[in-house]
Amino acid sequence: MAEIKIADAPQGLEGEGFFATKIGDVIGLARANSVWPLPFATSCCGIEFMGTMSSNYDMARFGMERLSFSPRQADLLMVMGTISKKMGPILRQVYEQMAEPKWVIAVGACASSGGIFDSYSVLQGIDKVIPVDVYVPGCPPRPEQIIDGVMRIQDLVKEESLRRRYTQEYKTLLESYNIK
Ligand code: SF4
């Protein structure tokens with residue numbers, strides 16, 4: 001029978017009949033293992049994502065099998081594929097419609113930097129229109145790389161202070177994108 005792996009408990013004080021830890025660590029643990037991704041897939045990297053979701057790689061292991069195609073019920077925007085300049089405002093609108101806290105992965109060379117399409121019509125990286133937390137290299141990245149990107153997001157989610165979204169640093173970041 002396959003061994004069932006349970007997420008590590010946060011650090012804390014343990015004694016007979018009690019365990020005390022920080023509320024932020026418990027929330028971080030819960031959030032990191034129940035991320036709801038919104039796949040924004042426009043081309044070939046999206047096909048690689050389909051492989052990542054299927055049985056061989058099985059994103060359900062990360063508590064992530066529930067994809068959301070509504071921005072209001074998603075907290076991880078996964079952008080996969082070539083994003084044209086015309087598509088930029090739409091991507092930004094999707095990002096703005098997501099509730100806080102939210103995270104973004106740029107999957108593949110196109111989403112990260114425009115990839116091989118150094119042309120007048122292609123956005124040279126989605127960070128021109130929205131902030132990005134993790135970049136996954138590759139053209140296309142293999143499912144293992146996409147999973148690695150998701151795990152780096154989990155690291156950020158676990159560690160993130162509950163107050164980060166109220167900090168001046170975060171507000172300044174959004175202001176730099178003219179996002180309110
Ligand atoms: S990075 Fe490569 S595989 Fe991914 S969308 Fe661009 S051209 Fe396609």
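Here, each number is a calculation from the coordinates, and none is a lab measurement. This one's a predicted model, so the numbers in the text were calculated from it and none came from an experiment. We place every Cβ from the backbone using ideal geometry, glycine too, and count neighbours over all the protein chains shown.
Using alpha carbons only, how many degrees (0 to 90, rounded to 10) separate the axis of helix 23-32 from the longest principal axis of the chain? Roughly 50 degrees between the two axes.
Computed from label points 7 Å out along Cα-Cβ, the spacing between Lys171 and Arg72 is 2.7 nm. Between Val122, Val107, Val26, the residue with the greatest mean-square fluctuation in the GNM of the chain (Cα pairs under 10 Å linked by springs) is Val26.
Which of the trypsin sites (Lys or Arg not before Pro) across segment 58-137 are loop residues per DSSP, with 10 or fewer other Cβ within 10 Å?
Working: sites: Arg61, Arg66, Arg72, Lys85, Lys86, Arg92, Lys102, Lys128; in loops: Arg66, Lys85, Lys86, Lys102.
Those satisfying the criteria are Lys86.
Within the listed set Gly51, Gly12, Gly138, the residue fluctuating most in the Gaussian network model of the chain (springs between alpha-carbon atoms under 10 angstrom) is Gly12.
Let me have the 222 nm mean residue ellipticity of the chain computed from DSSP H runs of 4+ only, each contributing -39500 (n - 2.57), with the sum over all residues rounded to the nearest 500. Working shown, then result.
Working: 6 runs with 62 residues, N = 180.
Mean residue ellipticity at 222 nm (helix-derived): -10000 deg cm²/dmol.
Helix 143-159 and the longest principal axis of the Cα set of the chain meet at an angle near 60°. For the pair segment 55-109 and segment 155-172, the centres of their Cα atoms are 19 angstrom apart. Within straight-line reach of Lys180, meaning a Cα separation under 20 Å, sit the following aspartates and glutamates at least 8 residues removed in sequence or on another chain: Asp75, Glu96, Glu100, Asp127, Asp133, Glu169.
Between the DSSP loop rule and a limit of at most 10 other Cβ atoms within 10 Å, which GluC sites (Glu not before Pro) in segment 12-106 are left? Intermediate results must be reported in sequence, preceding the final value.
Working: sites: Glu14, Glu16, Glu48, Glu65, Glu96; in loops: Glu16, Glu65.
Of the GluC sites (Glu not before Pro), the ones in loops of segment 12-106 whose Cβ has at most 10 other Cβ atoms within 10 Å are Glu16.
Averaging the sequence gap over all C-alpha pairs within less than 8 Å and six or more residues apart, then dividing by the number of residues, gives segment 47-111 a relative contact order of 36 percent.
Convex hull volume of the Cα atoms in segment 94-180, per residue, in Å³? Don't jump to the answer; show the numbers that get you there.
Details: hull volume 8.9 nm³, N = 87.
Output value, Cα hull per residue: 102 Å³.
Beyond 30 Å, the tail of the calculated P(r) for the chain holds 22 percent of the Cα pairs.
Return one number: the angle in degrees, 0 to 90 and rounded to the nearest 10, between the long axis of the Cα atoms of helix 88-97 and the longest principal axis of the Cα atoms of the chain. With both axes taken from Cα atoms, the answer is about 30 degrees. A DSSP coil position with no more than 10 other Cβ atoms inside 10 Å describes the following chymotrypsin sites (Phe, Trp or Tyr not before Pro) in segment 88-145: Tyr120. Computed over segment 30-176, relative contact order equals 24 percent, with contacts defined as Cα pairs under 8 Å that lie 6+ residues apart.
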